[in-house]
Amino acid sequence: MDERGKPAVTESADPALAELFEATHVIPELKATTREGVIAEVVKQVAQRGLVSDARWLETALTERERMVPTAMPNGVAFLHARHRASEKFPKQFLFLARSSTGAAFGAPDERPTHLFFLLALRKDMAHLRWLARLSWICRNRTTVASLLKVSGADEIAHMLRLAVEELPGNLRQR
C-alpha cells in the first residue's frame, strides 16, 4: 500500500516499450505550428487519453522547461519532458509521440523545423535517462526519422518505432 492507502504500483526500473507506448499514444498529424501550440495540443491529447491527471500542470511544466533550454535536437526531433518528476500526476508512466509534416520552430540548434515530438513521462530518473538515450540514438539516424515522417497513421508510426527499438545496439537494449 502507498501513503494514500491505495495498492502500490510496481513498475519496472527499465520498462519495455510495450509497457510505455502504444498506437493510441500517437498524434499522426499535429495542427499546431508554434511551440506553444504544439505543447497545448500534445497536452490536450494526453489528457483526453487519461494519461495525466493535471493537464494545466503538465502544460506549464513543459512550457517552463522549453523556455529554460529547448529540448529540440538537430534532425527535426524534440524530447518534451518536465524538469521535475511528478509521478503523482500520471496514472501510469508513458511515452507519447506527435508528428508534424510541416514542422514547428522549436529552438533546435540547427534552427530547422521540428517534426517529431516525443513526450517522456517516466517515474524514475534512470528509466527516463535510458529512454531518452534510446530515443536519441534512434532519432540520430536520418533514415529512421524520414521513415517515421513518411508512414501513414498511428499504427504504422508505432510499428516503425517498435522496429527501431528492436534494432538498438546492445548497450541500449532492454535488460
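Each value in this text was obtained by applying a stated rule to the coordinates, not by laboratory testing. The structure displayed is predicted, hence computed values, not measured ones. Every residue, glycine as well, gets a Cβ built from its backbone with ideal geometry; the counts of neighbours run over all protein chains shown.
Tabulated results
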| read-out | value |
| --- | --- |
| Selection count where residues are among the aliphatic types (A, V, I, L, M) and over 17 Å from the mean Cα position of the chain (by Cα), scope segment 143-162 | 2 |
| Output for segment 12-40, where each listed residue is over 13 Å from Leu161 (Cβ atoms) and crowded, with 20+ Cβ neighbours inside 10 Å | Pro15, Ile27, Leu30, Arg35, Val38, Ile39 |
| Leu161 being more than 15 Å from Leu116 (Cα to Cα) and in contact with a helix residue (DSSP H, G or I) (Cβ under 8 Å, 6 or more places away or on another chain) | no |
| Residue count, segment 139-175 (criterion: of a type in the set (Lys, Arg), touching a strand residue (DSSP E or B) at 6+ places or on another chain (Cβ under 9 Å) and over 15 Å from Gly76 (Cβ atoms)) | 0 |
